[in-house]
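Participant: One structure, pasted below without further comment.
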Amino acid sequence: MRIVVAADHAGYPLKAAVVAELRASGHEVADLGTNDPSKPSDYPEVAERVCEAVRAGRAERGIAVCGSGVGVGVAANKFPGIRAGVCHDHYSAHQAVEHDDLNVLCIGARVIGEALARELVRAFADARFSGEDRHVRRRAQVVGIERRFLKE
(Lines give C-alpha, C1' and ligand atoms only; values in the text may rest on other atoms or scores of the structure.)
Protein backbone atom coordinates (compact mmCIF):
# COMPACT_ATOMS: atom_id res chain seq x y z
CA MET A 1 0.00 0.00 0.00
CA ARG A 2 1.15 3.56 -0.71
CA ILE A 3 1.12 5.61 2.49
CA VAL A 4 2.25 9.20 3.10
CA VAL A 5 3.52 10.32 6.48
CA ALA A 6 4.16 13.85 7.73
CA ALA A 7 4.79 15.48 11.09
CA ASP A 8 5.27 18.88 12.59
CA HIS A 9 8.24 19.66 14.85
CA ALA A 10 6.51 18.06 17.86
CA GLY A 11 5.72 14.91 15.91
CA TYR A 12 9.14 14.63 14.31
CA PRO A 13 10.68 12.25 16.87
CA LEU A 14 7.93 9.67 16.27
CA LYS A 15 7.82 10.03 12.48
CA ALA A 16 11.00 8.05 11.84
CA ALA A 17 9.67 5.08 13.81
CA VAL A 18 6.35 5.22 11.95
CA VAL A 19 8.06 5.34 8.55
CA ALA A 20 10.44 2.52 9.49
CA GLU A 21 7.59 0.30 10.72
CA LEU A 22 5.55 0.79 7.57
CA ARG A 23 8.51 0.09 5.30
CA ALA A 24 9.42 -3.02 7.30
CA SER A 25 5.84 -4.20 6.78
CA GLY A 26 6.27 -3.88 3.01
CA HIS A 27 4.45 -0.62 2.38
CA GLU A 28 5.60 2.07 -0.05
CA VAL A 29 6.07 5.14 2.12
CA ALA A 30 6.59 8.79 1.19
CA ASP A 31 7.96 10.96 3.99
CA LEU A 32 6.52 14.46 3.50
CA GLY A 33 8.51 16.12 6.29
CA THR A 34 9.20 17.96 8.45
CA ASN A 35 12.87 17.18 8.25
CA ASP A 36 14.17 19.80 10.67
CA PRO A 37 12.64 19.63 14.14
CA SER A 38 14.60 22.70 15.29
CA LYS A 39 12.31 24.90 13.16
CA PRO A 40 8.74 25.22 14.39
CA SER A 41 6.20 24.02 11.84
CA ASP A 42 2.44 24.33 11.79
CA TYR A 43 0.16 21.30 12.05
CA PRO A 44 -2.35 22.60 9.44
CA GLU A 45 0.43 22.46 6.84
CA VAL A 46 1.21 18.88 7.87
CA ALA A 47 -2.43 17.90 7.46
CA GLU A 48 -2.57 19.63 4.08
CA ARG A 49 0.47 17.75 2.74
CA VAL A 50 -0.96 14.40 3.82
CA CYS A 51 -4.53 15.06 2.72
CA GLU A 52 -3.67 16.49 -0.67
CA ALA A 53 -1.52 13.44 -1.41
CA VAL A 54 -4.40 11.12 -0.49
CA ARG A 55 -6.96 13.21 -2.40
CA ALA A 56 -4.75 13.29 -5.50
CA GLY A 57 -4.29 9.52 -5.43
CA ARG A 58 -0.56 9.65 -4.76
CA ALA A 59 -1.28 7.55 -1.66
CA GLU A 60 -4.10 5.32 -0.52
CA ARG A 61 -3.76 6.42 3.09
CA GLY A 62 -1.94 8.96 5.18
CA ILE A 63 -0.58 9.39 8.67
CA ALA A 64 -0.22 12.79 10.30
CA VAL A 65 1.70 13.32 13.53
CA CYS A 66 1.72 16.34 15.81
CA GLY A 67 2.10 16.75 19.56
CA SER A 68 -1.39 15.56 20.50
CA GLY A 69 -2.77 14.26 17.19
CA VAL A 70 -5.77 16.53 17.68
CA GLY A 71 -4.50 19.50 15.68
CA VAL A 72 -3.71 17.48 12.57
CA GLY A 73 -7.02 15.64 13.03
CA VAL A 74 -9.06 18.84 13.11
CA ALA A 75 -7.27 20.25 10.08
CA ALA A 76 -7.39 16.99 8.11
CA ASN A 77 -11.15 16.69 8.44
CA LYS A 78 -11.59 19.99 6.62
CA PHE A 79 -10.50 18.36 3.34
CA PRO A 80 -13.25 16.86 1.18
CA GLY A 81 -12.93 13.11 0.87
CA ILE A 82 -10.77 12.77 3.94
CA ARG A 83 -11.91 10.71 6.89
CA ALA A 84 -9.35 11.35 9.61
CA GLY A 85 -9.31 10.13 13.16
CA VAL A 86 -7.13 10.46 16.21
CA CYS A 87 -6.38 6.92 17.39
CA HIS A 88 -4.25 6.14 20.41
CA ASP A 89 -5.40 2.56 20.95
CA HIS A 90 -5.15 -0.58 18.83
CA TYR A 91 -8.88 -1.21 18.53
CA SER A 92 -9.68 2.26 17.18
CA ALA A 93 -6.79 2.17 14.70
CA HIS A 94 -8.20 -0.85 12.88
CA GLN A 95 -11.91 -0.46 13.64
CA ALA A 96 -11.97 3.06 12.19
CA VAL A 97 -10.84 1.63 8.85
CA GLU A 98 -13.10 -1.43 9.01
CA HIS A 99 -16.27 0.50 9.92
CA ASP A 100 -15.64 4.14 8.94
CA ASP A 101 -13.23 3.76 6.01
CA LEU A 102 -10.68 5.99 7.74
CA ASN A 103 -8.02 7.14 5.29
CA VAL A 104 -5.88 9.39 7.52
CA LEU A 105 -4.59 8.28 10.91
CA CYS A 106 -3.66 11.07 13.32
CA ILE A 107 -1.40 10.37 16.27
CA GLY A 108 0.21 12.42 19.01
CA ALA A 109 3.91 12.07 19.67
CA ARG A 110 3.52 13.61 23.13
CA VAL A 111 0.71 11.20 23.98
CA ILE A 112 1.97 7.78 22.90
CA GLY A 113 5.35 6.10 22.79
CA GLU A 114 7.21 4.50 19.92
CA ALA A 115 6.10 0.92 20.59
CA LEU A 116 2.43 1.85 20.61
CA ALA A 117 2.85 4.04 17.51
CA ARG A 118 4.34 1.10 15.64
CA GLU A 119 1.42 -1.11 16.69
CA LEU A 120 -1.14 1.53 15.65
CA VAL A 121 0.28 2.11 12.19
CA ARG A 122 0.40 -1.65 11.54
CA ALA A 123 -3.23 -2.00 12.64
CA PHE A 124 -4.25 0.98 10.47
CA ALA A 125 -2.33 -0.17 7.40
CA ASP A 126 -3.44 -3.81 7.65
CA ALA A 127 -7.14 -3.04 8.14
CA ARG A 128 -9.63 -3.04 5.29
CA PHE A 129 -13.08 -1.46 5.01
CA SER A 130 -15.62 -4.19 5.67
CA GLY A 131 -18.08 -3.13 2.99
CA GLU A 132 -20.95 -4.27 5.20
CA ASP A 133 -24.25 -2.60 4.28
CA ARG A 134 -24.53 -0.65 7.53
CA HIS A 135 -21.02 0.77 7.16
CA VAL A 136 -21.51 1.64 3.50
CA ARG A 137 -24.78 3.37 4.42
CA ARG A 138 -23.14 5.37 7.21
CA ARG A 139 -20.18 6.37 5.05
CA ALA A 140 -22.67 7.59 2.41
CA GLN A 141 -24.40 9.67 5.08
CA VAL A 142 -21.10 11.29 6.03
CA VAL A 143 -20.35 12.00 2.37
CA GLY A 144 -23.83 13.51 2.05
CA ILE A 145 -23.16 15.89 4.92
CA GLU A 146 -19.86 16.90 3.33
CA ARG A 147 -21.49 17.53 -0.06
CA ARG A 148 -24.29 19.57 1.49
CA PHE A 149 -21.82 21.95 3.10
CA LEU A 150 -19.59 22.13 0.02
CA LYS A 151 -22.58 23.45 -1.96
CA GLU A 152 -23.14 26.35 0.44
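The values are calculated or read from the model by the stated rules, or taken from the named source; none is laboratory data. Just so you know, these numbers come straight off a predicted model, no measurement behind them. Counting neighbours? That spans all protein chains shown, and the Cβs are built from the backbone with ideal geometry, glycine included.
Participant: Those residues that are assigned to a helix (DSSP H, G or I) and over 15 Å from the mean Cα position of the chain (by Cα), I need them from segment 22-36; list them, please.
Facilitator: Hits for segment 22-36 are Arg23, Ala24.
Participant: Would you mention how many residues in segment 37-61 are in a loop (DSSP other than H, G, I, E, B) and either β-branched (Val, Ile, Thr) or in contact (Cβ under 8 Å) with a residue 12 or more places away in the chain (or both)? Before the answer, list the steps.
Facilitator: Looking only at segment 37-61, we keep the residues that are in a loop (DSSP other than H, G, I, E, B), and these are 37-42, 56-60.
Narrowing the set further to residues that are either β-branched (Val, Ile, Thr) or in contact (Cβ under 8 Å) with a residue 12 or more places away in the chain (or both) leaves 37-42, 58-60.
Number satisfying all stated conditions: 9.
Participant: Determine if segment 123-130 includes at least one residue that is touching an Asp or Glu at 6+ places or on another chain (Cβ under 8 Å) and either modelled with pLDDT under 95 or aromatic (Phe, Trp, Tyr) (or both).
Facilitator: Yes, segment 123-130 has at least one match.
Participant: Residue check: is Ile82 touching a strand residue (DSSP E or B) at 6+ places or on another chain (Cβ under 7 Å), assigned to a loop (DSSP other than H, G, I, E, B) and either hydroxyl-bearing (Ser, Thr, Tyr) or under 18 Å from Ala125 (Cα atoms) (or both)? Give the steps one after another, and end with the answer.
Facilitator: Numbers: touching a strand residue (DSSP E or B) at 6+ places or on another chain (Cβ under 7 Å): yes; assigned to a loop (DSSP other than H, G, I, E, B): yes; either hydroxyl-bearing (Ser, Thr, Tyr) or under 18 Å from Ala125 (Cα atoms) (or both): yes.
So Ile82 fits the description; yes.
Participant: Further question: With the condition kept exactly as written, say whether any residue in segment 16-26 is touching a residue at least 60 places away in the same chain (Cβ under 8 Å), farther than 28 Å from Val136 by Cβ and among the β-branched types (Val, Ile, Thr).
Facilitator: yes
Participant: While we're here: Check whether at least one residue in segment 10-28 is closer than 21 Å to His94 by Cβ, acidic (Asp, Glu) and surrounded by 19 or more Cβ atoms within 10 Å (Cβ to Cβ), and report yes or no.
Facilitator: yes
Participant: Find all pairs meeting these conditions: Cβ atoms under 7 angstrom apart; at least six residues apart or on different chains; first residue within segment 68-83 and without any contact (Cβ under 8 Å) to a residue 24 or more places away in the chain and under 21 Å from Gly144 (Cβ atoms); second residue among the polar types (S, T, N, Q) and surrounded by 22 or more Cβ atoms within 10 Å (Cβ to Cβ).
Facilitator: Every condition considered, no pair remains.
Participant: Output the number of the condition that Pro37 fails; it satisfies all remaining conditions of (1) surrounded by 15 or more Cβ atoms within 10 Å (Cβ to Cβ); (2) modelled with pLDDT of 95 or more.
Facilitator: (2)
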